[in-house]
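Participant: Sharing a structure here in structure tokens format.
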Amino acid sequence: MPFFDRTKKATPARGDNQGPAATLLYDDWYPALRTARLKRGKLATAMLLDIPLVLGRRNDGRVFAMRDNCPHRGIPLSYGWFDGERVTCRYHGWEFEPCSGQCALIPSLSDQDRLDASRIYATAFPCEEQDGYAWVFIPRPGSGRQARGGKAPELAKFGPRYRSAHLSAELPCNVDHGIIGLMDPAHGPFVHQAWWWRSRASIREKVKRFEPIPEGFRMSAHAPSANSAPYKLLGVYGQPVETTIDFVLPNRRTETIRCGDKWFSSLTTVTPVTASTCRIDVVAAWNMFYYLPLATPIAKFFGAKFVRQDQITMIQQAEGLRYNPSLMLIDDADKPAKWYFALKQARLEAEREPSGCGSGPKHPMEGPVELHWRS
Ligand code: FES
Ligand SMILES: [Fe+2]
């Protein structure tokens with residue numbers, strides 16, 4: 001699967017090609033990297049929300065994520081050493097326990113020194129391994145909190161036997177553009193034209209029901225577009241096919257397709273790497289076509305093509321966004337994007353007035369609604 005597992009680099013995603021910055025949502029979990037990159041005794045780096053991270057796996061199997069700066073003089077800890085127990089800074093050799101960040105040794109201290117090394121901490125973030133990703137909880141800068149909001153998100157699975165795949169692509173636009181591109185129903189017939197998916201001529205009117213869920217919205221269970229080939233294939237099981245798509249803050253789209261005891265499940269996230277660039281990650285699991293020998297590579301191949309089409313479009317969009325054009329959101333096809341911005345705004349406001357009236361962020365939807373568009 002060489003065409004699939006590689007993280008595709010979007011052409012110049014740095015320097016002056018960066019679009020406008022987005023407001024970032026903290027106090028939440030984001031996927032930093034694939035844990036396959038965490039090799040024994042090695043350190044790996046990643047960037048989340050403009051924060052440089054150094055990640056690794058301890059000898060006992062636990063994954064960790066620290067800020068990639070030594071608290072002494074700021075040099076990246078990733079230039080140092082890791083023996084499976086402690087991270088050692090390459091500048092003055094301070095040693096840290098990487099899950100807590102606690103300093104375990106300052107080699108330069110003599111018997112005369114009264115400094116207690118164990119009271120010094122490098123910044124360590126809560127980090128959990130889930131579905132092959134190292135998920136990192138990023139607290140609000142300066143909040144000083146090591147609070148973690150529950151557990152890292154997990155891809156839903158509906159049985160013990162399944163196959164799975166993942167893919168990533170870097171996008172040269174800010175996280176807001178990445179997310180609204182993800183939930184945009186109207187680009188399908190133009191961006192994803194392909195004989196195996198659908199053609200531009202297949203555009204027709206869609207009516208979809210949406211309902212509010214905590215910090216997000218759900219496209220209610222429905223029979224998926226009858227005019228796309230992969231969905232037609234699912235009909236082979238001869239049972240009704242039902243799809244549910246949820247979006248929840250800060251960046252997660254989950255899709256579940258069920259057909260009798262067959263299922264497909266995916267979790268897609270658009271993660272801010274910096275305030276003006278992001279990365280899309282898709283992880284999926286399914287038990288449909290479980291015994292078909294080539295089903296996994298074929299699914300990966302088409303999944304990668306699909307995401308590549310979105311990526312190319314966003315690289316082109318970023319060219320335009322460099323010049324800060326004015327933009328618009330229209331009804332109803334851009335309604336999910338409007339909900340996203342309103343949900344985000346509500347969370348930011350709730351953060352400014354913590355535990356105000358105890359009601360939490362205000363939801364922009366009053367109840368279920370039907371949206372109509374052609375795609
Ligand atoms: S900079 Fe890391 S030990 Fe001095
Ligand atoms: Fe797309």
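Participant: Which residue fluctuates most in the GNM of the chain (Cα springs below 10 Å): Cys173, Cys278, Cys103?
Facilitator: Among Cys173, Cys278, Cys103, the largest GNM mean-square fluctuation belongs to Cys103.
Participant: Please go through the residue pairs Lys262/Lys300; Lys206/Lys335; Lys206/Lys338; Lys208/Lys338 and name each one whose alpha carbons sit more than 23 Å apart in this structure.
Facilitator: Details: Lys262/Lys300 19 Å; Lys206/Lys335 14 Å; Lys206/Lys338 19 Å; Lys208/Lys338 16 Å.
Long pairs (Cα-Cα over 23 Å): none in the table.
Participant: Could you give the alpha-carbon Rg of the stretch 163-374 over 2.2 N^0.38 Å, rounded to two decimals? Mind dumping the intermediate values first?
Facilitator: Details: Rg = 18.0 Å, N = 212, 2.2 N^0.38 = 16.8 Å.
Computed over Cα atoms of the stretch 163-374, the ratio equals 1.07.
Participant: Sort 86-92, 240-246 by the packing proxy (mean of other Cβ within 10 Å over each peptide's residues), most packed first.
Facilitator: Packing order, densest peptide first, comes out as 86-92, 240-246.
Participant: Using the basic label-point model (7 angstrom from Cα toward the beta carbon), what is the Ala186 to Lys338 distance in nanometres?
Facilitator: The answer from the label model is 1.2 nm.
Participant: Here is a further query. If all Cα-Cα distances of the stretch 28-138 are sorted into 10 Å bins from 0 onward, what percent lands in each bin, rounded to whole numbers?
Facilitator: With a bin width of 10 Å, the distribution comes to 16, 49, 27, 7, 1.
Participant: What are the semi-axes of the equivalent ellipsoid of the chain, taken as the square roots of 5 times the eigenvalues of the Cα gyration tensor, listed largest first and rounded to whole Å? Each step should come with its number before you reach the end.
Facilitator: Numbers: eigenvalues 313, 117, 81 Å².
Three semi-axes, in Å: 40, 24, 20.
Participant: If R0 is 22 Å, what FRET efficiency do you get for Ala350 and Asp50 from their C-beta distance, rounded to 0.05? Can you show the working numbers first?
Facilitator: Numbers: r = 22 Å, r/R0 = 1.02.
According to the calculation, E is roughly 0.50.
Participant: For the chain, set up a GNM with springs between Cα atoms under 10 Å and report which of Leu329, Leu348, Leu115 has the largest fluctuation.
Facilitator: Of the options given, Leu115 has the highest mean-square fluctuation.
Readers should treat all values here as calculations from the given coordinates under stated rules, not as data from a laboratory. Since the model is a prediction, treat every value here as computed from it, not as a measurement. No Cβ is skipped: glycine too gets one built from the backbone with ideal geometry, and neighbour counts run over all protein chains shown.
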